[in-house]
Amino acid sequence: MKKTYNRTKIEKGQTLIEFALVIVIIVIIFIMSGCSLNEARKKINSYLEERQKDNPAEIIIFSGKVVDVVNGQWPNDRLVVLFLNGKEISRTKSELNEFIYSGEGKHDGLFVITIENTYELTENDFNYDGNKGVNFETNFEKNWGIPKSKSLYRWFGEVEQDTFIDIPVVSKNLRFILFIFEEPFDTLSAEIQKGGSLTIKQDGTIYVNGNQIP
């Protein structure tokens, strides 16, 4: 067992050395082509990030800002539900907060839903021709200075109340749907307030515990 462990450790060390040599060679090539060391670093980082986009991230984030177009408000306390293939898988309420990738700072009406990337989806699974522009981006973390896919996220911007956002993933035969309730959370029925109680049909009809919502 000890010999196997040592051999594995050696193999990992060799892989890291080989990777480091490749990076050094790329840096030399960039510098010889007229790039500064800083420019070479940026290009290598961009190259590594592009390669990492093919690797599934750990989590997927759905975020936006609830708006009331009639009154010009960004209401808090609105129930936002995420469905997958017709079943509720997560929910949250809009609130005063900040989504770091929106570039809008702290504001009212924010919703953020985070789920595990169970189906190991990548940008390519979301960002395909004909998906009506529902594009996702990859956030990276550094692992020994090397970018690694951390999360897939989408900032939807302003989303009206009582609105459906359809997010099909054809490659995995999945369909995510986001729905924002128009009424304040406290005014919803006790059944609707209970997490996991909702389902949705293909036509957009929502059911709570098997009964259609009026």
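Please work out if Lys87 is surrounded by fewer than 17 Cβ atoms within 10 Å (Cβ to Cβ) and of a type in the set (Lys, Arg). Yes. Elements of the type strands (runs of 3 or more DSSP E) sitting completely within segment 140-192 and holding at least 2 residues that are surrounded by 15 or more Cβ atoms within 10 Å (Cβ to Cβ), within 18 Å of the chain's Cα centre (by Cα) and at pLDDT below 90: these cover 146-160. Among the residues making up segment 64-113, those that are in contact with a Gly (Cβ under 7 Å, 6 or more places away or on another chain) and hydrophobic (A, V, I, L, M, F, W, C) are Val66, Val67, Trp74, Phe111.
The values are calculated or read from the model by the stated rules, or taken from the named source; none is laboratory data. Here the structure is a predicted model, which is why all the values come from computation and not from measurement. Please note: Cβ atoms are built from the backbone with ideal geometry, for glycine as well, and neighbour counts cover all protein chains shown.
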